[in-house]
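Quick note: the coordinates plus some simple rules give every number you see, no bench work behind them. Note that the structure is a prediction, hence the values are computed from the model and not measured. Neighbour counts run over all protein chains shown; Cβ positions are idealised from the backbone, glycine included.
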């Protein structure tokens, strides 16, 4: 097998080791692999069937397997008439991301914040954390301890085990449930290969990777076994060891014109950042049993373990002793689930997917208070989550020769139970004093659930309409803790939300879309019960918070032409009862609350009295040029504003910017990707303007320089060679000008000049 031809974006497709089956492969005979060719996505968004001349027999055992020609194309988003984008496995191989969030840098409407080198959080249309929702193979990853603002949990998905990432921008709570105010992140794992031509087929792959900026060394090994083309098993394991991250140097604070002092703290070379190394261990197993073209069972196990990861802005905190440090000794996430897929069923349930899941999130933190204190704080939090989700699709009904109609509907429920503890350790004597409460109230419980349906219709193959609704129920319960004045929680919320949308094809390659989506997010256990250190200081809970509700309007245009792909959208999202922070007076610290007493700034979560607004524009364009040349560019802008919780005080304005809204940013790429030889070379420019519109809490956040975060321009060069399925060599010369830069709201500066190299060997 020679060098693979490039796909529509000029990238070589994956070999059989990491082949992700399409809907056709899942539900029909194994297709013959053909020479890839570029093709625009299908125009009918709700019909996922790509099979032609499919055999209608219940079972393909004992029947002649037809040769089915599949015309490859760029992966189609799950909601094509929405603002969305897809990152393929080939693009992941080329980009060589340091993490799964890092793989999304430069996607339209996405901005990546990094609290530490071991933590990263995607912003979708200016929102992150609790206000975006994440799924892994259809299983909800969000739990009730996701924080207000950036969190590290999308980082706990191993990017080397991912076949595809999808971003859906804008409120999506009707289909995806609570928290989807800013958008949805969907991760699809690598599948085992099901080889119909052999009784037993074994494929293996080894991945080795190095990077100079953080002295990274690691890799992954995986094996795929197929039995009779019906039973497939993929087993993989990975390891990484990352050292201190070398940057381009200190950034210049816009407000002073001087280099920012902290964070991070630098070594004597003024480039190497302390508090940035960590280790990572991953393992996964995936079993797929395709009984017939109608029935498919999946069992999945995915384990992520991050060790000894310091939080950069707390290692040390500003004005603290230099040997003080907050370290995540353990950041573990374990996911086990089973799924059943049924296709070609009766009209009310032509397609069915049922999944049952269990997740455990484990965090062990150690706050070393340095040589000036004889104590340290050890905190442990565990979240055990059980979930069930059922999704069904009806048959596409032909109401008339020019009208089709169908419905997608389902039910889902996820239940969390939390254990949380905090110990004060006297390091000189080894004596441990267990505190009355941990970061959360121990034994707290949380349920998020809903029933939903979404109907769609298409007229004359040109105009598509959709409308849907969800009934949501959320329940939160936690016992109080009198010694620390922690109030009990016994709350429940119900909500009815909906969406409508219209898409019209002006031509075969030009589509205009307009969508209206409501979003809903009930306060979670982090809002209602947690006390924790955040960037601006110490944050208190509020057991009386109300749910957030959003309304998102989106207008856009989509071009899908053999020579150009374009995605351009404008949007406006309003959020009622937005949960944000307000200052809390010093004398309000409960007696003995160590976190509060050690912080200069204290913050209380409240609901905004007035509507908060986030609006902006985003777009991406991809050009397919002669001689295997291609170009790509994206641009994103968001603007947010809400009521000032301190309005009424002297000199305080009535409305203020929302916290950590990203600046105007984007990327540009120009590259050559050879269809014939499998080689590629790409130049990339990443840029952002300064962000000087700051919320009141941003001004007290040491992660944000005085006056805001400066803009930057960073240049990268990527090159490599693919000979499928045997070898892939990728090189990235990153930040070739050694620019000092930081993504807005981050604690750590971006990598300086360095080389990343990855080698994959398979069979």
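Taking a ≥ b ≥ c as the square roots of the eigenvalues of the Cα gyration tensor, an a/c ratio of 1.5 or more together with a/b larger than b/c marks segment 365-434 as prolate. The helix-only estimate of mean residue ellipticity at 222 nm for the chain, built from DSSP H runs of length n ≥ 4 each weighted as -39500 (n - 2.57), is -500 deg cm²/dmol after division by the residue total.
When averaged across all projection directions, what area in nm² does the alpha-carbon convex hull of segment 648-763 cover? Don't skip to the end; give the middle numbers.
Numbers: hull surface 39.2 nm².
Quarter of the Cα hull surface area: 9.8 nm².
Size of segment 693-759 from its Cα atoms: along the principal axes, largest to smallest, the extents are 54, 23, 16 Å. Considering only the Cα atoms of segment 86-167, their convex hull presents on average a projected area of 5.0 nm².
Give me the one-decimal Kirkwood hydrodynamic radius in Å for segment 212-296, with the sum taken over alpha-carbon pairs.
The answer is 16.9 Å.
Neighbour counting of Cβ atoms within 10 Å sorts the residues 315, 325, fewest neighbours leading, into 325, 315. Ranked by the mean number of other Cβ atoms within 10 Å of their residues, highest first, the peptides 234-247, 350-363 come out as 234-247, 350-363.
In plain terms, the residue of 256, 145, 692, 88 with the fewest other Cβ atoms within 10 Å comes first and the most crowded comes last, giving 256, 692, 88, 145. Looking at the square roots a ≥ b ≥ c of the eigenvalues of the Cα gyration tensor of segment 390-513, which shape do they give, rounded for a/c under 1.5, prolate if a/b is larger than b/c, or oblate? It comes out prolate by the Cα gyration axes. Run a plain Debye calculation on segment 229-357 (Cα atoms as equal point scatterers, no solvent) and give log10 I(q)/I(0) at q = 0.13, 0.14, 0.17 Å⁻¹, rounded to two decimals, same order as the q list. Each listed q maps to, in turn, -0.72, -0.76, -0.92.
Among 376, 554, a tally of other beta-carbon atoms within 10 Å of each Cβ gives an order, fewest to most, of 376, 554. Starting from the Cα gyration tensor of segment 158-287, take the square roots of the eigenvalues, sort them a ≥ b ≥ c, and report rounded, prolate or oblate (rounded when a/c is under 1.5, otherwise prolate if a/b is larger than b/c, else oblate). The shape class here is oblate.
Got the relative contact order for segment 194-350 handy, in percent, Cα pairs under 8 Å and 6 or more residues apart? This gives 17 percent for segment 194-350. Relative to its residue count, the chain spans a Cα convex hull of 147 Å³ per residue. In this simple spin-label model, placing a label point 7 Å from the Cα along the Cα-to-Cβ direction at both residue 78 and residue 424 gives a separation of 4.7 nm.
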